[in-house]
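Everything on this sheet refers to the single structure shown next.
Here, each number is a calculation from the coordinates, and none is a lab measurement. If you're wondering where the values come from, they're calculated on a predicted model, not measured in any experiment. All Cβ positions, even for glycine, are placed from backbone atoms using ideal geometry, and neighbour counts span all protein chains on display.
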Amino acid sequence: MLKNIIIILLLIIVKNAFSQELNCRVQVMSQQIQGTNKSVFQDMQKSIYEFMNNTKWTNNVFGVEERIECNILINISKQISVDQFEGYMQITSNRPVYNTNLNTIMINYRDGDIKFTYAEFQPLLFNENASNTNLVSLLAYYAYLIIGFDYDSFSLNGGDPYFAKASKIVDNMQNSTEKGWKSFESQKNRYWIIHNILDDAYSPIREFEYKYHRLGLDVMSKKLTEGRSEIAESLKLLQKVYRKKPDPFMPYYKIVIESKSDEFVNIFSGSFSEEKARVVNILKEIDPANSSKYQKIMTTQN
């Protein structure tokens with residue numbers, strides 16, 4: 001009996017030690033598709049879930065509790081043929097704030113132009129050294145983006161290996177007929193997101209990601225004023241990029257700023273007047289579309 005218990009415990013330990021990196025919830029929506037076999041969408045959701053959660057994306061060891069929380073929502077708006085679909089994909093991810101029960105949003109991005117082929121019971125297999133199907137490439141690209149953002153928040157430029165893998169996927173898809181992978185198609189697509197991330201002109205944003213999360217949010221539970229002050233200083237890094245405007249669309253910058261706008265308000269609404277005024281001036285400059293939102297910081301009482 002004791003021997004069996006020990007074996008079971010060892011199996012649990014081994015399973016946990018080699019747990020995959022992502023805890024990804026997947027939803028495939030097909031309400032706009034009428035008069036078709038709905039089982040293909042159920043199978044698609046199951047296959048994508050297994051692909052995202054069972055693929056080993058890094059060489060690192062993750063405990064079950066360390067997996068990166070993320071969501072993939074695919075809304076299919078059109079079925080072109082029996083096995084060809086188009087629609088949009090919503091990608092979100094978050095990370096825990098140290099010593100709290102809170103999570104912070106890392107990515108909240110909608111890829112509005114996806115088109116892919118999927119046959120029921122088709123296995124999803126990824127080869128990082130070759131061109132893959134468009135669906136597999138999409139999922140792998142965003143898996144590496146999610147991991148890269150997470151690693152950047154724990155160490156300066158810690159996401160480099162995973163952003164490089166996302167860039168390699170883009171390179172491998174240059175002969176693809178599907179949209180989103182090439183520089184000339186749009187200045188806000190997958191090509192430009194990863195191009196921005198790896199461009200030195202955007203390096204202050206990656207420094208912001210580290211300082212904001214590791215030196216700011218993760219500190220605030222024990223040192224509220226010091227952590228908040230670090231976040232206030234880190235905003236100057238976003239300001240630096242905004243003023244230079246390396247390109248007119250800056251998709252990487254927008255992913256970062258849009259994921260944090262509500263959080264900025266929550267963090268600084270409890271600050272002192274001088275810091276509030278300084279932060280609000282920066283936020284209104286670097287994110288003018290949300291000026292009215294940031295003004296609420298000034299009217300909230302400590």
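Classify region 205-299 as rounded, prolate or oblate from the Cα gyration tensor: take a ≥ b ≥ c as the square roots of its eigenvalues, call it rounded if a/c is under 1.5, otherwise prolate when a/b beats b/c and oblate if not. Working shown, then result.
On the way: a/c = 1.98, a/b = 1.29, b/c = 1.54.
Oblate is the answer for region 205-299, as a/c is 1.5 or above yet b/c matches or exceeds a/b.
Region 237-288 to region 84-101: how many Å between their Cα centroids?
Cα centres, region 237-288 to region 84-101: 21 Å.
Return the whole-Å distance between the Cα centroid of region 20-44 and the Cα centroid of region 206-222.
36
For the residues Ile197, Ile105, what sequence is obtained by ranking on other C-beta atoms within 10 Å, fewest first? Could the numbers behind the result be given before it?
Working: Ile197 25, Ile105 15.
Going from sparsest to densest Cβ surroundings: Ile105, Ile197.
Kirkwood Rh and Cα-based Rg: tell me the resulting Rg over Rh for region 163-242, rounded to two decimals.
Working: Rg = 16.8 Å, Rh = 14.4 Å.
Answer for region 163-242: 1.17.
Please list, by residue number, every one of the chymotrypsin sites (Phe, Trp or Tyr not before Pro) in region 228-302 that is coil in DSSP and has at most 12 other beta-carbon atoms within 10 Å.
Phe272
Give the lysines reachable from Lys293 as a straight Cα distance under 21 Å; neighbours fewer than 8 places away on the same chain don't count.
List returned: Lys236, Lys254, Lys260, Lys276, Lys284.
Rounded to the nearest 0.05, what FRET efficiency do Thr117 and Phe154 give with R0 = 45 Å and r taken as the Cβ-Cβ distance? Could you check? Can you show the working numbers first?
Values: r = 37 Å, r/R0 = 0.82.
After rounding to 0.05, the efficiency reads 0.75.
Please give the net charge around Gln295, taking every other residue with its beta carbon less than 11 angstrom from that of Gln295, where Lys and Arg add +1 and Asp and Glu add -1.
Values: positive: Lys276, Lys284, Lys293, Lys296; negative: none.
Combined, the nearby Lys, Arg, Asp and Glu give +4.
Label Ser229 and Lys244 with points 7 Å out from Cα along Cα→Cβ: what is the distance between them in nm?
2.7
Using the Cα atoms of region 106-209 to build a convex hull, what is its mean projected area in square nanometres? Write down the numbers at each step before the final one.
Values: hull surface 28.0 nm².
So the mean shadow area of the Cα hull is 7.0 nm².
Report, to the nearest 10°, how far helix 2-17 tilts away from the longest principal axis of the Cα atoms in the chain, using its own Cα long axis and a range of 0 to 90°.
With rounding to tens, the tilt is 70 degrees.
Could you estimate the translational diffusion coefficient of the chain from the Stokes-Einstein equation, with Rh from the Kirkwood formula over C-alpha pairs, at 25 °C and 0.890 mPa s, in whole µm²/s? Could you put the intermediate results ahead of the total?
Values: Rh = 20.9 Å.
Using the Kirkwood radius from Cα pairs, D works out to 117 µm²/s.
What share of the DSSP beta bridges in the chain is antiparallel, in percent to the nearest 5? Can you show the working numbers first?
On the way: 24 of 32 bridges.
The antiparallel fraction comes to roughly 75 percent.
If you take every residue apart from Asp150 with its C-beta less than 12 Å away from the C-beta of Asp150, what net charge results, scoring Lys and Arg +1 and Asp and Glu -1? Don't skip to the answer; put the middle values down first.
On the way: positive: Arg67, Arg95, Arg214; negative: Glu21, Glu66, Glu69, Asp152, Glu209.
With Lys, Arg at +1 and Asp, Glu at -1, the net is -2.
Would you work out if region 56-120 is rounded, prolate or oblate? Take a ≥ b ≥ c from the square roots of the eigenvalues of the alpha-carbon gyration tensor; rounded if a/c is under 1.5, else prolate when a/b is larger than b/c, oblate otherwise. If you can, show how the numbers build up before the last one.
On the way: a/c = 3.87, a/b = 2.03, b/c = 1.90.
Since a/c reaches 1.5 and a/b is larger than b/c, the shape of region 56-120 is classed as prolate.
Would you look at the GNM of the chain, springs on alpha carbons closer than 10 Å, and say which of Lys165, Lys211, Lys78 moves the most?
Taking springs between Cα atoms under 10 Å, the residue moving most is Lys78.
How would you rank Ser292, Ser269, going from fewest to most other Cβ atoms within 10 Å of each one's own Cβ?
On the way: Ser292 8, Ser269 15.
The most exposed by this proxy come first: Ser292, Ser269.
Which of Phe41, Phe121, Phe154 has the fewest other C-beta atoms within 10 Å, and how do the rest follow up to the most? Mind dumping the intermediate values first?
Working: Phe41 21, Phe121 10, Phe154 15.
Fewest to most other Cβ atoms nearby, the residues stand as Phe121, Phe154, Phe41.
Looking at the square roots a ≥ b ≥ c of the eigenvalues of the Cα gyration tensor of region 121-165, which shape do they give, rounded for a/c under 1.5, prolate if a/b is larger than b/c, or oblate? It would help to have the intermediate numbers written out before the result.
On the way: a/c = 3.83, a/b = 2.43, b/c = 1.58.
Verdict is prolate for region 121-165.
Which of Lys38, Lys188, Lys236 moves most in a GNM of the chain, Cα contacts under 10 Å?
Lys38
With each run of n ≥ 4 DSSP H residues scored as -39500 (n - 2.57), what mean residue ellipticity at 222 nm is computed for the chain after dividing by its residue count and rounding to the nearest 500 deg cm²/dmol? Each step should come with its number before you reach the end.
Details: 10 runs with 145 residues, N = 302.
Only helices count here, giving -15500 deg cm²/dmol.
Return the single residue from Val64, Val279, Val26 with maximal mean-square fluctuation; model: Gaussian network over the chain, springs between Cα atoms under 10 Å.
Val64
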